[in-house]
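Contents: one structure, followed by commentary.
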Amino acid sequence: MTATAVSLQAEIIAALATVTDPELDQPITELGFVRSVAIEDDGVTVHLRLPTAFCSPNFAYLMASDALDALRSVDDIGQVRVLLDDHHDSGKINAGLAANAGYTGTFGSEVDDSLDELRTTFLRKAHTAAMERVVTTLLNRGMVQADAIYRLTLRDLPAGREKAALLRRRFALGLSTCPNGRVIVDDEGHALDPQAAPMRLRFARSVRISMEGNAHFCRGLLATRYNDHGTTTTQFTNTRTRGPQ
Amino acid sequence: MYTKDGNSYFIVDSHVHIWDGRASNLKNIHGKQFIDCFYDYHRNLSPEEEVWDYDLYTYYGGERLMRDLFVDGYVDHAIFQATLLSDFYVNEFGQTEEAFGLAQRHPDKLTYNHAYDPRYGEAGLEQLRRDADRMKLQGVKLYTAEWHGDSRGYKLDEHWSRRYLEECIELGIKNIHVHKGPTIRPLDRDAFDVADIDKVATDYLELNFIVEHCGLPRLEDFCWIATQESNVYGGLAVAIPFIHTRPRYFAQVIGELLYWIGEDKILFASDYALWTPRWLIERFVDFQIPEDMTEYAPITSDQKRKILGLNAAALYDIEVPAELRLPVPGQDTVEVAAGAKEAVPL
């Protein structure tokens, strides 16, 4: 394989890794949802798969169309084809993606509205869960007292994966990422008073547990459905002999 | 009844089925996808020695059910929950007449809950009256996400749904089991959304709303509304098998439920034949919150008694032998959950 081919493959994985399952807040590459990637002369064909035939079609559509958008930003990729396999609405979703029809164009009279509100709901849940993780870590390490959590600012958080995840979620929602910003905030980014902060944290814990539980379900069911014992390997083929026009 | 270490437990399995997912009953590809999806749940979350072969799983019949529940499974009383899915199956998925017939022959052991769909309007209301009369219904199972013609689901607080709920009050049907699940076509909103339960629970205090699968995969939304309403319950079907595959995760789910909705409003359910009750009951009785999870209090035997049977017995007026009851208070006075108390001032 040439250096160009290796780097194109890496760029494709990197692009797909930016696509997350909105319910689980985890990249589709880690979840095993990317079944195969085929690099061909004229472009790239990606097959996605999901844990059940009845995974909510709105989320299925979101992930597939996000994958299409992410791949189109890769240089010299050529034509991008994203196909969703083994879903009860595969035919309709795949036709809609190929025609760039958008959600309402794909499902026509079956829907009234775009998916923006749904997406925002789940970005908020992802932010709430990320907020709970950083604060609980600090509490467990004795780095903050329970009655002082309302005062925590982003600069108080130790650098690392959990902090980075929180900042990413805040950025996605348009909330402040200023180091002086409070960590415990409501969905609109407003700071909470000393009495309300512990309740917000308590509720955030159930949001986090719920999302993690969904991930257990989805990973388990995917492995059972495709009988691959939890491996998340994507099958790659490269038949490209020349660059796309 | 199940006895372990000198403690005895009265068992009510609040969610069981007799279904037919055999090839002969499939109306279309979706019927096959549906039973296959159920089988994946079964295979993925059951201990290896409890996994059935596919053919048995698609149809097992009443005799097998009686054995798995009442001979091998410690269950004292079980409640059928209808899942009709008539758009996927020739003769429906849940076998109404077989289950109802079995319940008629064993009224001490089985209760049959039927289903309705408010999208049938006036004709469906008339049918509900006939069903309630023939089946002596105490409860119904609703599937708000079910596909019906051009409709991809409904909300409980819509006009026709309210008409049906009001009719339930008239007919003495007091337990409304609600399954929140995936749609077959898109909704712009989240099909698992439980907000509609909040509205009708407030408006119809005569009814009990039992949210199946305790609102998973929206546990937090369910917990939140359940703290606000005195008549909202959570069924453990689908959540409880995690006790085997992911016990630490199960500890968090049951810990959250006890905190938010409390020990009087959680109902044991196997969702038979998704899972068989025996191993679930044995493991639940043995289960304890891991010591390092200091955020949750240990679960007591009395809490387990309520969850495994006494709570559902109270909802369905099932006679509990005196020696298996809890000393009052407990069965009649509902403890307010810790989370509910804290949530109120906000």
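Values in this text are rule-based calculations from the coordinates and carry no lab data. Model, not experiment: these values are computed from the prediction. All Cβ positions, even for glycine, are placed from backbone atoms using ideal geometry, and neighbour counts span all protein chains on display.
Our helix-only sum for the protein assembly as shown, with -39,500 (n - 2.57) per DSSP H run of n ≥ 4 divided by its residues, gives a mean residue ellipticity at 222 nm of -13000 deg cm²/dmol.
Filter the GluC sites (Glu not before Pro) in the range A:128-201 down to the DSSP loop ones having no more than 11 other Cβ atoms within 10 Å, then list what survives. Please list the in-between numbers first.
On the way: sites: A:Glu132, A:Glu162, A:Glu188; in loops: A:Glu188.
Those that pass, being in a loop and sparsely packed, are A:Glu188.
The simple Förster model, with R0 at 56 Å and r as the Cβ-Cβ distance, assigns B:Arg105 and A:Glu188 a FRET efficiency of 0.45. Note on B:Ser24 and A:Ser73: their simple-model spin labels are 5.6 nm apart, each label 7 Å out from Cα toward Cβ.
For the range B:37-84, the Kirkwood hydrodynamic radius from C-alpha pairs, put into Stokes-Einstein at 10 °C and a viscosity of 1.306 mPa s, yields a diffusion coefficient of 130 µm² per second. A Gaussian network model of chain B, with springs between Cα atoms under 10 Å, assigns the largest mean-square fluctuation among B:Pro241, B:Pro298, B:Pro277 to B:Pro298. When the Cα gyration tensor is reduced to axis lengths a ≥ b ≥ c, the ratio a/c is 1.5 or higher for chain A, and with a/b above b/c it is classed as prolate.
Taking a ≥ b ≥ c as the square roots of the eigenvalues of the Cα gyration tensor, the range B:105-186 is prolate, since a/c reaches 1.5 or more and a/b is larger than b/c. In a reduced charge model with +1 at each Lys and Arg Cβ and -1 at each Asp and Glu Cβ, the protein assembly as shown shows a dipole moment near 1180 debye about its Cα centre. Pairs over the 26 Å Cα-Cα cut-off, from the set B:Lys4/B:Lys306; B:Lys109/B:Lys304; B:Lys141/B:Lys265; B:Lys136/B:Lys304; A:Lys92/B:Lys199; B:Lys180/B:Lys306: B:Lys136/B:Lys304; A:Lys92/B:Lys199. Dividing the Cα radius of gyration of the range B:273-320 by 2.2 N^0.38 Å, with N the residue count, gives 1.38. Between the listed residues A:Ala146, A:Ala64, A:Ala126, the Cα displaced farthest toward the positive end of the dipole of chain A, a dipole computed from Cβ unit charges relative to the Cα centre, is found at A:Ala146. Can you tally the net charge around B:Trp160? Count Lys and Arg as +1, Asp and Glu as -1, for every other residue whose Cβ sits under 10 Å from the Cβ of B:Trp160. Charge balance in the 10 Å sphere: 0.
Using a simple spin-label model with pseudo-atoms 7 Å out from Cα toward Cβ, B:Glu49 and B:Thr245 lie 2.0 nm apart. Dipole of the range B:2-343 computed with +1 at Lys/Arg Cβ and -1 at Asp/Glu Cβ about the Cα centre; of B:Phe268, B:Phe88, B:Tyr9, farthest Cα towards the positive end is B:Phe88. Given R0 = 41 Å, the distance between the Cβ atoms of B:Met293 and A:Ser176 translates into a calculated FRET efficiency of 0.80.
Summarising the overall dimensions of the range B:20-116 from its C-alpha atoms, the Rg and Dmax are 14.0, 39 angstrom.
Of all the options A:Pro198, A:Pro51, A:Pro27, the one that moves most in a Gaussian network model of chain A with Cα springs shorter than 10 angstrom is A:Pro198.
Extending 7 Å from Cα along the Cβ direction at B:Asp157 and again at B:Asp5 yields two label points whose distance is 4.4 nm.
Hey, how much of the P(r) for the protein assembly as shown falls beyond 31 Å, as a percent of Cα pairs? Beyond 31 Å sits 52 percent of the P(r) for the protein assembly as shown. With Cα atoms as the point set, the radius of gyration and Dmax of the range A:154-212 evaluate to 11.7, 30 Å.
Shape class of chain B from the Cα gyration tensor (axes a ≥ b ≥ c, square roots of the eigenvalues): rounded, since a/c falls below 1.5.
Using R₀ = 30 Å, calculate the FRET efficiency as 1/(1 + (r/R₀)^6) where r is the Cβ-Cβ separation of B:Arg283 and B:Lys341; round to 0.05. Efficiency computed from Cβ-Cβ geometry: 0.50.
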